[in-house]
1. For the structure I just gave you, tell me whether residue 89 is at negative phi and touching a Leu at 6+ places or on another chain (Cβ under 9 Å).
2. Could you check the stretch 278-295 and list, in sequence order, the residues that are part of a helix (DSSP H, G or I) and within 21 Å of the chain's Cα centre (by Cα)?
3. Just one of (1) under 23 Å from residue 107 (Cβ atoms); (2) surrounded by fewer than 17 Cβ atoms within 10 Å (Cβ to Cβ); (3) of a type in the set (D, E, K, R) trips up residue 186, so point out which.
4. Does at least one position in the stretch 34-45 carry a residue that is buried (at least 24 other Cβ atoms within 10 Å of the Cβ), under 20 Å from residue 170 (Cα atoms) and in contact with a strand residue (DSSP E or B) (Cβ under 6 Å, 6 or more places away or on another chain)?
5. Look through 256, 266, 234, 301 and report the one residue that is without any contact (Cβ under 8 Å) to a residue 40 or more places away in the chain, surrounded by 14 or more Cβ atoms within 10 Å (Cβ to Cβ) and of a type outside the set (Val, Ile, Thr).
6. Give the stretch 14-27 a look and list any residue that's within 16 Å of residue 268 (Cβ to Cβ) and assigned to a loop (DSSP other than H, G, I, E, B), or say none.
7. Among the residues in the stretch 101-118, are any part of a helix (DSSP H, G or I), of a type outside the set (S, T, N, Q) and out of contact with any Leu (no Cβ under 8 Å at 6 or more places or on another chain)?
8. Sort through 209, 135, 169 and tell me the only one that's surrounded by fewer than 16 Cβ atoms within 10 Å (Cβ to Cβ), at pLDDT 95 or above and among the charged types (D, E, K, R).
Amino acid sequence: MAKRPKTIITCAITGAIHTPTMSDALPYTAQDIAAQAIAAAEAGAAILHLHARRPADGGVSINPQDFAAFLPQVKQATGAVVNISTGGSLKNTIEERIAPALAFSPEMCSLNMGSMNFSFHPLAKRYDTWKFDWEKDYVENSDTYIFRNTFRDIANVANTLAPHAIKFEHECYDVGHLYNLRFCMDIGLFKAPIFIQFIFGILGGIGPEVDNLIFMKRTADRLFGDDYRWSVLGAGAAQMGLATTASQMGGNVRVGLEDSLQIARGQLATSNAEQVAKIRRIVEDLGCEIATPDEARDMLGLKGADKTAF
């Protein structure tokens, strides 16, 4: 039998959906983002997917200065691959959203492969009081958000960041995004091997059912053959179940408080590291090995931490 490939664990530390009211564990100061990222790496995360927050009130930030407050500390303390979001804020232009990547030239960046309705407004009904004034309106009004990533936007990101040799985490929220990615490869924007993040359970995208995972995987196999590696992100309560299934199908996994605040259904996680430790335990108990950061670099063809600008 062929040896099963090692499993890369990505941890998404804070994101742009959840707000401080929703969990005391959600980090938003630079110190807390760094501390939780380092702990997640120590627990087994090979890749750290990082957003920034406003340190005063936890609001979403795409200001490179807010990234600069924690990126060097994370790099110094871990060997983990740093992946910077090009999503960040749903209300900014693509030029504004890629500013942190241009400033710091990370090994990886996320890139959504299409525009979509992107909403989390049902969460607003769960809370009667809020820690900060901005939170309620931000969550309630997300039913008006369009997460813009047109073909021109995608080409802008690819061409602007091309000199930085950044590998993209191609985030695909529905099957059409896979076809968008294939088109972009056909016109030369991205080269194999690519890394696809299948995303399930976001309102506006494909639902978090195993049948949908199988469908997305079969579609990707048909479109990309052997020229890709893949991972699974299950939002909310779907996180651990879909990650476990993906690991047994030969895929990689993503956890973290960006994607789910829970460690088990109805139970809030105490940290990102707790989620990493849980999925690592599950994956290893089921016979898979966890990839180290350097093994992940080799598997994904990354440029190396020494070629970043932080």
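1. Considered against the rule, which asks whether it is at negative phi and touching a Leu at 6+ places or on another chain (Cβ under 9 Å), residue 89 comes out as no.
2. Correct list: 278, 279, 280, 281, 282, 283, 293, 294, 295.
3. (1)
4. yes
5. One residue alone meets the criteria, 234.
6. Within the stretch 14-27, 14, 15, 17, 18, 19, 23, 24, 25, 26, 27 meet the criteria.
7. Checking the stretch 101-118: at least one residue is part of a helix (DSSP H, G or I), of a type outside the set (S, T, N, Q) and out of contact with any Leu (no Cβ under 8 Å at 6 or more places or on another chain).
8. 209
The values are calculated or read from the model by the stated rules, or taken from the named source; none is laboratory data. Remember, predicted model here, so these are calculated numbers, not experimental data. For neighbour counting, all protein chains shown are included, and Cβ atoms are generated from backbone atoms with ideal geometry for every residue, glycine included.
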